[in-house]
Structure formats: structure tokens, C-alpha cells
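A quick write-up on the structure given underneath.
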Amino acid sequence: MSNRPNHIAIIMDGNGRWAKERNMNRTAGHERGAEVVRTITSFCSIHPEIERLTLYAFSTENWKRPKLEVEFLMKLLEKYLKNEQKNYLEENVRFEPIGDLSIFSKSLRKVIDDLQSVTQGCNGLVQSLALNYGGRDEIVRAVNNLFPSTPITVEQLSNALDCKHDIDLLIRTGGDHRLSNFLLWQAAYAELFFTNTLWPEFTSVELESIIKKFKTVERRFGGLN
Ligand code: IPE
Ligand code: IPE
Ligand code: MG
């Protein structure tokens, strides 16, 4: 029996590079990106096996980007969510945002709320947009919701873990591409390398070559270099 892709999550990355390749402004890449959100959501809405599509649209680190780009993204998001209402209803897609929405402008929050309530009765695909989402922020907010009288910070949670150190380079041998519940928090911005080599055959030569590749990767941590 084959696996069912019930819940698909996508890190929608590469808008800026797409635009740069075409000598266009990064914003043009974001505009195109929004169109692709529409086509991919449509596809998933008619795919019988897909129940949920979670899309990473804006991270807690993306605020580090230039003000103009952030402003553009906020406007684009507002416009998209407003104009798409009809399509969500036609395709029977329920909208469920995740992330800390409290930071957004009143008008953006209203558009988010409206789309969520208008599509509440849709029982097809659930499309979750991750907005001002950070894996760590989500966990800290969950803990603080559970224990509101003793609020904690990201740093405090980091320091309470067994492994208190962020991972820079995470390697998996054996050909599978998953985390298998290993260092979820610590790997938040780790560079992931997967190799088909089986562990008994892994050598320091291969490790060296992975480290060499790792050294050339541009690590952005949500900002722009
Ligand atoms: C993803 O594309 C969209 C957001 C993070 C908002 P990028 O803007 O990160 O595009 P690249 O990575 O610079 O190409
Ligand atoms: C991840 O992309 C966030 C989204 C796609 C929304 P980034 O472009 O922010 O990630 P880094 O900075 O390359 O790690
Ligand atoms: Mg990127």
C-alpha cells in the first residue's frame, strides 16, 4: 500500500531568486509566488487524498528584511486574502491561519478573520497559511497558554532543553529525508544534508566533503544577505 499525503506542508522559498533571474524586482517574485499559491491550492483542493495544505508564507525572522519588502508582502497578503474569498468558497477550501497574528495591522487582521469566518463551513481542503510563524515561537506560545501565570521566552525554553545548542549542520545517512524526531527545536535553522551512504560505510572523507558544501551555503536566517 502506498502512503497517503493527507497533510502536505511547503516552505515556499525562492521568490526573490526567481525575480533576480529575470532582472525583475524581488516584489515581482512575491507576486508570482501568490499566483502559485492559488494554483497549488486549487490542485490540492481537487486531489482526493489531500486533506490539509500548510504553507509557510512569512516567518518570525522575515521581519529582518528591508522595510519596503516587508510592507509589500503585507499589502500583497491583504490583497490576496481579500480577492481570493470567491475562489476559496468555490473550491470548498477552509482557511485556517497559524502563527502569531497579533502583530499584524488591524486591516490585515480583519481580512484574515473575515476569510476564516466566511470559509468556516467549507469541508474540503483545509489550507493553513503560516503567517508570522516560527516553530520556536509556536512552542513558546503553547507553553505560555498552558501556564499563563509563569510566561517564558524562547531563550528560556532553549536553555531548559537537554541540548541547549543550535545545530548548524544536520546530516542523515541511509537515504531517507526526515528528521525522525531528532532535535526538532535545535534544528530550526540547521542546514540539512542527506546522503544515500549507509552509516557503516560513511567515511571522514564524505563528512569532509559535506562540510565543504556546507561552508558555501548562504545562511540567511530569514533575512536578506
Ligand atoms: C520566499 O521567497 C518568500 C518569503 C520568505 C516571504 P524569498 O523571498 O525568501 O526568496 P529568495 O529565497 O530570496 O529567493
Ligand atoms: C523560509 O524562507 C520562510 C518562508 C518561505 C516564508 P526564508 O527565505 O525566510 O529562509 P532562509 O532565510 O533562507 O533560511
Ligand atoms: Mg528565501
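FYI, it's all coordinate maths here, none of it is from the lab. These numbers come from a predicted model, not from an experiment. Positions of Cβ are backbone-derived with ideal geometry, glycine not excepted, and every protein chain shown enters the neighbour counts.
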Review point. Of LYS20, LYS79, LYS212, which is the most mobile in a GNM of the chain whose springs link Cα atoms less than 10 angstrom apart?
Key: LYS212
**Study point:** √(5λ) per eigenvalue of the Cα gyration tensor, region 68-137, largest first, Å
**Key:** 21, 14, 10
Check your understanding: Which values of log₁₀ I(q)/I(0), to two decimal places, follow from the Debye formula for region 4-78 at q = 0.14, 0.16, 0.21 Å⁻¹ with a uniform point scatterer at every Cα?
Key -> -0.52, -0.65, -0.97
Review point. Using only Cα atoms, what is the ratio of the radius of gyration of the chain to 2.2 N^0.38 Å?
Key: 1.15
Review point. Rounded to the nearest 20 Debye, what is the dipole magnitude of region 85-159 about its Cα centre when Lys and Arg each give +1 and Asp and Glu each give -1 at the C-beta?
Key: 160
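If each residue of separation counts as 0.36 nm, what is the full-extension length gain between CYS163 and LEU101 once their alpha-carbon separation is subtracted? Don't skip to the end; give the middle numbers.
Working: separation 62, 0.36 × 62 = 22.32 nm, distance 2.97 nm.
Length gained between CYS163 and LEU101: 19.4 nm.
Over the alpha-carbon set of region 101-144, divide Rg by the Kirkwood Rh and report the Rg/Rh ratio to two decimals. It would help to have the intermediate numbers written out before the result.
Details: Rg = 12.6 Å, Rh = 12.2 Å.
That ratio equals 1.03.
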Review point. Normalised by the number of residues in region 20-121, what is the relative contact order in percent for Cα pairs under 8 Å and 6+ residues apart?
Key: 27
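Taking a temperature of 4 °C and a viscosity of 1.567 mPa s, what whole-number D in µm²/s does Stokes-Einstein yield for region 153-211 with Rh from Kirkwood over alpha carbon pairs? Can you show the working numbers first?
Values: Rh = 12.8 Å.
Calculated translational D: 101 µm²/s.
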**Study point:** Number of Lys pairs (Cα under 29 Å; 8 or more positions apart or on different chains) in region 1-123
**Key:** 24
Exercise for review: Sort 49-62, 102-115 for me by packing, meaning the mean count of neighbouring Cβ atoms within 10 Å per residue, highest on top.
Suggested key: 49-62, 102-115
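Taking region 75-180, how much of its Cα-Cα pair set, in percent, is spaced more than 21 angstrom apart? Can you show the working numbers first?
On the way: 3085 of 5565 pairs.
In whole percent, the share of Cα-Cα pairs in region 75-180 beyond 21 Å is 55.
Please state the charge dipole magnitude for the chain, taken about the Cα centre, from unit charges on C-beta atoms (+1 on K and R, -1 on D and E), reported in debye and rounded to the nearest 20.
Details: 29 positive and 29 negative charges, 132 e Å.
My answer is approximately 640 debye.
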Exercise for review: Write down the radius of gyration of region 142-185 and its Dmax, each obtained from C-alpha positions, in Å.
Suggested key: 14.4, 45
Review point. Taking H as built 1.01 Å from N, whose amide H comes closer than 5 Å to the amide H of THR54, not counting residues under 5 places away?
Key: ILE8, ALA9, ILE10, SER128
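If each DSSP helix of 4+ residues adds -39,500 (n - 2.57) and the sum is divided by the residues in the chain, what number results at 222 nm, nearest 500 deg cm²/dmol? Don't skip to the end; give the middle numbers.
Numbers: 8 runs with 96 residues, N = 225.
So the calculated ellipticity at 222 nm is -13000 deg cm²/dmol.
Taking R0 as 35 Å, what FRET efficiency do you get between LEU68 and ILE211 from their Cβ-Cβ distance, rounded to the nearest 0.05?
Values: r = 37 Å, r/R0 = 1.05.
Calculated transfer efficiency: 0.45.
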